[in-house]
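> Here it is, the structure, as structure tokens.
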Amino acid sequence: MRAFLIRFVSFVLLLLVLASLLDWLISYRYRQRTDLIAGEFVVWNDIYAGNIQTDYVIYGSSRAWVQFNPAQFIDSLGQTAYNLGVDGQNFHMQHLRHLELLRHNAAPKNIILSLDLFSLEKNIYLYNETQYLPYQLFNTNILKYRSQYVNHKPALHFIPLLRYAGRKQVIGEAFEKVVIDKNQIRIKGYMGQEREWTAEADTVLAQLQPFAIPIDDGMKLLFENFLQEMKRKQVNVVLVNPPEYVGGQGHITNRNEILAYYAAQAKRFGFPFLDYSGLPLCLEKTNFYNSSHLNARGATLFTAIFLQELKKEKAIHAAKHPSP
Amino acid sequence: MYFHSIDFAIFLPLVFLLYWFGCKQAIRPQNILIVVASYVFYGWWDWRFLGLILFSTAVDYFVAQFIDRSSNKKQQKIWLWVSLTTNLGLLGVFKYFNFFIANFTQAFRLMGYDFQPTSLEIILPVGISFYTFQTLSYTIDVYRGKLKATNNWFAFSAYVSFFPQLVAGPIERATHLLPQFLNAREFKAEKAVDGLRQILWGLVKKIVIADNCAEYANQIFNNSADYSGSTLLLGSVFFAFQIYGDFSGYSDIAIGVSRLFGFDLMRNFAYPYFSRDIAEFWRRWHISLSTWFRDYLYIPLGGSRGSKLSAFRNTVIIFLVSGFWHGANWTFIVWGAFHALLFIPLLFSGQHRSHLNNPADGKRLPDLKTLLQMILTFSLVSLTWVFFRASSLDQAWQILTTIFSFSQFFPLQLLPFDLLLTLLVFIILEWIGRTAPHPLAHLAIGWPRPLRITLYMVLVLLLVYFAGTPQEFIYFQF
């Protein structure tokens, strides 16, 4: 029996070593595919390399990463910014990115939190879940946040290679030879979308029936706890509802209720809430590629307007809290 | 709990260590542990049906004792009928109730009587057909005087619920397995290592072959009206490999796991797709079920002795019952009937036992005749699988008529080269290992240890790479 167990354990250990090597190789290669998954690997790689040492960080979903251009922060404020918007994720997964940022980088002093009407909706399935694969081995933060979605097992975070089982596409993409277009890479987390409003966007909008977005109590609690913690740590948070095309604003029946909730929470914790859904640029389809996303032209216009307002907010804040 | 799940990968080593180190090699604690582990294993799916296993165990445990104690043949027969009625009654209620109701209703409608019977929302307990047959074999063997009734409750409970083969066989005979629970088990490293090899090969069959074939078989069968005859034929071949990989893979894992605990289970598959005729196929496919029917149904009916008519009748019965055992659907009955039609000519021409040896015995490659026989048998078997896989007789008919139509000559609408290549390698490996209980018992055994270990590592990595969309074991539904 002893000999059998020694042989078996040796085999398993050898297998684990081999699996770890392959795991590392696949993860390493996959992380280089900055052209995939809305370029999320650019941001994750910067987070894990500790490269995000900026004056401002921008949190949010796709409405953050395609609409706030960090390059304009330098020009306008003379300060640096990094856009940490994560495509298609609600506040729950945005918060995971926040935690990972804190773990590997200096804590931010100024946060711009881009909100949308779906931020506090709970999801069952995790969108773009393969973006977490290269980083999730032994990562307890990712385990904690991913385990709230269906079909997720803790063992996938602790056994090397297991999470790649059956993912032929991911393994194929990791080893695929591609030349990545440097113009198609997120810069400081941002990539303006050189797209125009199309007839398809019109059709989608026309077919959209009114609906309500269910707001999850757990998400509200997470959101409020986050604001409270930022308040306690004296981090400046600016809550923003970025522009939406005016023709698309009427479909969500509880829109006012959600925006009122954001405004109330901002007031409660003493943070500004800036709602840009009434800007004149929201009247022009030429600034959007769909009803909730600005194209590159619209994003440049919006960022400039936002930074003007931010300057004012800074001035107000400085007057309220004069430095010693 | 699935054999190819992380849960089982944790469960198995735990039970293994407790079994050999926590029970001090004593029979009773080991048996108790097996019963507890088996109930946990089964309860992982649905704990509500544990009562059913317990009930079935209790009925046959006591019935067998009553039979054993009684010297009156009539009384013994009554007790046997108690067991038969209880076990087959449970099977009838849980598996066949709605089928019979639906068919009676239809039959009455044809006669002009229309009524709305109550159909029940019955969930089929996993593995009920397997453990029911296993307990029945015990009572029947006690009745026949082949076996003494045991008064060891835990040994008998362990025999009924033994987790490796509880839900999908092999269907063990009490004469073979029960004595193993009554006697001390000895750990033999060689046996355990071979068990691990068989588990590995079973996982390869399930994960690499069955689950990947399932993706295409499901796509083709679920949209059969959209595909040409050639593609549907390919779909039936994929299903043939899916069901083989799935079921024989499960059996391999069950046998391998049992060996880790010092038990020997009967062989359930012997490379059936290398069969040279249908009779040989049935000696190599689901052996534990076909021999069960042979011993407890075919021979009591008279077997092939007597007139040709009675031999014909007995053969038809056994194939129809075998089909019906698989599920409460006419598709399974027709599947059984087709196999009977293919078997009967061999029976009457006396050729049903003409292939008792291994194909191309002692040779590396088959001769042309053997090869053609194997291809023909495989083709026939694959076509009959259409009934097995189709959701209804109408769909089976649609598929078969399309296969035998002009569209058979149309180009394939699906051609997954990687899967076909994988199947080719799999067939070659099975061919090389066809004289052994499983290919890994033959392959690489003479190789130097580092090379052998490398092969096993490669197989494990293939499991990771090829892991398809996880599919349930097909035979769980039976």
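> Let me confirm something: among B:Leu346, B:Leu342, which residue is in contact with a Leu (Cβ under 8 Å, 6 or more places away or on another chain), surrounded by 14 or more Cβ atoms within 10 Å (Cβ to Cβ) and either over 21 Å from B:Ile171 (Cα atoms) or in contact (Cβ under 8 Å) with a residue 60 or more places away in the chain (or both)?
Answer to the check: B:Leu342.
> Name the pairs whose Cβ atoms lie under 8 Å apart, with the first residue in the stretch B:42-67 and within 15 Å of B:Ser137 (Cα to Cα), the second surrounded by fewer than 16 Cβ atoms within 10 Å (Cβ to Cβ), and 6 or more positions between them or separate chains?
Note: pairs meeting the criteria are B:Tyr61/B:Trp153; B:Gln65/B:Asn151.
> Among the residues of the stretch A:185-198 satisfying the criterion of being under 16 Å from A:Arg31 (Cβ atoms) and crowded, with 18+ Cβ neighbours inside 10 Å, which is modelled with the highest pLDDT?
Result: A:Gly189.
> Now, a different point. Which residues, counting only those in the stretch A:94-121, are loosely packed, with under 15 Cβ neighbours inside 10 Å, touching a residue at least 40 places away in the same chain (Cβ under 8 Å) and of a type in the set (Lys, Arg)?
A:Lys109
> Another question, then. Grab the helices (runs of 4 or more DSSP H) fully contained in the stretch A:1-83, keeping just those with 3 or more residues being within 14 Å of chain B (Cβ to nearest Cβ).
A:2-31
> With B:Tyr227, B:Tyr250 as the choices, which residue is buried (at least 24 other Cβ atoms within 10 Å of the Cβ), in contact with a Gly (Cβ under 8 Å, 6 or more places away or on another chain) and hydroxyl-bearing (Ser, Thr, Tyr)?
None of the other options fit; the residue is B:Tyr250.
> Additional query: One residue is enough: does the stretch A:209-218 have a residue meeting the conditions over 25 Å from A:His98 (Cα atoms), within 14 Å of chain B (Cβ to nearest Cβ) and among the hydrophobic types (A, V, I, L, M, F, W, C)?
No, the conditions are met nowhere in the stretch A:209-218.
Residues are listed down the side, and each one gets a yes or a no for (1) in the same structural domain as B:Ser157 (by TED's automatic domain parsing); (2) closer than 24 Å to B:Leu260 by Cα; (3) at pLDDT 95 or above; (4) not hydrophobic (A, V, I, L, M, F, W, C):
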residue	(1), (2), (3), (4)
B:Arg28	yes, yes, no, yes
B:Ile34	yes, yes, yes, no
B:Ala37	yes, yes, yes, no
B:Gly43	yes, yes, no, yes
B:Asp46	yes, no, no, yes
B:Leu52	yes, no, no, no
B:Phe66	yes, no, no, no
B:Arg69	yes, no, no, yes
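> Please enumerate the residues belonging to the stretch B:171-190 that are more than 23 Å from A:Phe8 (Cβ to Cβ), not aliphatic (A, V, I, L, M) and not in a helix (DSSP H, G or I).
Selection gives B:Glu172, B:Arg173, B:Asn183.
> Output the number of the condition that A:Pro108 fails; it satisfies all remaining conditions of (1) under 30 Å from B:Leu461 (Cα atoms); (2) away from chain B (no Cβ under 14 Å); (3) assigned to a loop (DSSP other than H, G, I, E, B); (4) out of contact with any Phe, Trp or Tyr (no Cβ under 7 Å at 6 or more places or on another chain).
For A:Pro108, the exception is condition (1).
For every residue, the table says whether it meets (1) outside any loop (DSSP other than H, G, I, E, B); (2) on the phi > 0 side of the Ramachandran plot; (3) surrounded by 14 or more Cβ atoms within 10 Å (Cβ to Cβ); (4) free of Cβ contacts under 8 Å to residues at least 60 places away in the same chain.
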position	(1), (2), (3), (4)
A:Gln148	no, no, yes, yes
A:Asn151	no, yes, no, yes
A:Leu156	yes, no, yes, yes
A:Val170	yes, no, yes, no
A:Lys177	no, no, no, yes
A:Ile180	no, no, no, no
A:Asn183	yes, no, no, yes
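Every residue, every condition in (1) of a type in the set (Asp, Glu); (2) buried (at least 18 other Cβ atoms within 10 Å of the Cβ); (3) within 23 Å of A:Leu102 (Cα to Cα), yes or no:
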{"position": "A:Leu16", "(1), (2), (3)": "no, no, no"}
{"position": "A:Ser20", "(1), (2), (3)": "no, no, no"}
{"position": "A:Ile26", "(1), (2), (3)": "no, yes, no"}
{"position": "A:Arg29", "(1), (2), (3)": "no, no, no"}
{"position": "A:Leu36", "(1), (2), (3)": "no, yes, no"}
{"position": "A:Gly39", "(1), (2), (3)": "no, yes, yes"}
{"position": "A:Val43", "(1), (2), (3)": "no, yes, yes"}
{"position": "A:Asp46", "(1), (2), (3)": "yes, yes, yes"}
{"position": "A:Thr54", "(1), (2), (3)": "no, yes, yes"}
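> List pairs: first residue in the stretch A:123-145 and closer than 22 Å to A:Leu36 by Cα and without any contact (Cβ under 8 Å) to a residue 60 or more places away in the chain, second residue part of a loop (DSSP other than H, G, I, E, B) and β-branched (Val, Ile, Thr) anywhere in the structure, Cβ distance under 7 angstrom, at least six positions apart or on different chains.
Close Cβ pairs (under 7 Å, with a partner that is part of a loop (DSSP other than H, G, I, E, B) and β-branched (Val, Ile, Thr)) amount to A:Tyr125/A:Val150.
> In the stretch B:74-170, which helices (runs of 4 or more DSSP H) lie fully inside it and hold 1 or more residues that are under 17 Å from the mean Cα position of the chain (by Cα) and polar (S, T, N, Q)?
B:128-143, B:153-161
> Specify the residue that is nearest to B:Ser129 (Cα to Cα); the eligible residues are those in the stretch B:19-75 that are crowded, with 21+ Cβ neighbours inside 10 Å and of a type in the set (A, V, I, L, M).
For the stretch B:19-75, the residue satisfying everything is B:Ile53.
> Exactly one condition in (1) in contact with a strand residue (DSSP E or B) (Cβ under 6 Å, 6 or more places away or on another chain); (2) at pLDDT below 90; (3) not in a helix (DSSP H, G or I) is not met by A:Ala201; state its number.
(3)
> For the subset of the stretch B:349-384 comprising residues that are closer than 20 Å to B:Tyr244 by Cα and among the hydrophobic types (A, V, I, L, M, F, W, C), which member is surrounded by the most Cβ atoms within 10 Å (Cβ to Cβ)?
Among those that are closer than 20 Å to B:Tyr244 by Cα and among the hydrophobic types (A, V, I, L, M, F, W, C), it is B:Val381.
> Does A:Asn256 count as surrounded by 15 or more Cβ atoms within 10 Å (Cβ to Cβ) and of a type in the set (S, T, N, Q)?
no
> Being of a type in the set (A, V, I, L, M, F, W, C) and within 30 Å of B:Tyr19 (Cβ to Cβ): is that true of B:Phe94 here?
no
> Right, another one. Kindly provide the set of residues from the stretch B:1-52 that are under 22 Å from the mean Cα position of the chain (by Cα) and outside any helix (DSSP H, G or I), ordered by number.
If the condition is that a residue be under 22 Å from the mean Cα position of the chain (by Cα) and outside any helix (DSSP H, G or I), then B:Met1, B:Tyr2, B:Phe3, B:His4, B:Ser5 are the ones that fit.
> Sticking with this structure for a sec: Given the structure, is B:Thr331 out of contact with any strand residue (DSSP E or B) (no Cβ under 8 Å at 6 or more places or on another chain), touching a residue at least 40 places away in the same chain (Cβ under 8 Å) and closer than 23 Å to B:Phe130 by Cα?
yes
> Residue check: is B:Val142 more than 26 Å from B:Ala328 (Cα to Cα), in contact (Cβ under 8 Å) with a residue 12 or more places away in the chain and of a type in the set (Val, Ile, Thr)?
Criteria met by B:Val142.
> Limited to the stretch B:175-200, what total is found for residues that are of a type in the set (A, V, I, L, M), away from chain A (no Cβ under 11 Å) and farther than 18 Å from B:Ala155 by Cα?
1
> Related question: Determine whether the stretch B:172-185 contains at least one residue that is touching a Pro at 6+ places or on another chain (Cβ under 9 Å), touching a residue at least 60 places away in the same chain (Cβ under 8 Å) and surrounded by 24 or more Cβ atoms within 10 Å (Cβ to Cβ).
no
> Another question, then. Those residues that are polar (S, T, N, Q) and in contact with a helix residue (DSSP H, G or I) (Cβ under 7 Å, 6 or more places away or on another chain), I need them from the stretch B:377-397; list them, please.
B:Thr377, B:Ser382, B:Thr384, B:Ser392, B:Gln395
The values are calculated or read from the model by the stated rules, or taken from the named source; none is laboratory data. Nothing here was measured: the structure is a model prediction, and the numbers come from that model. Every residue, glycine as well, gets a Cβ built from its backbone with ideal geometry; the counts of neighbours run over all protein chains shown.
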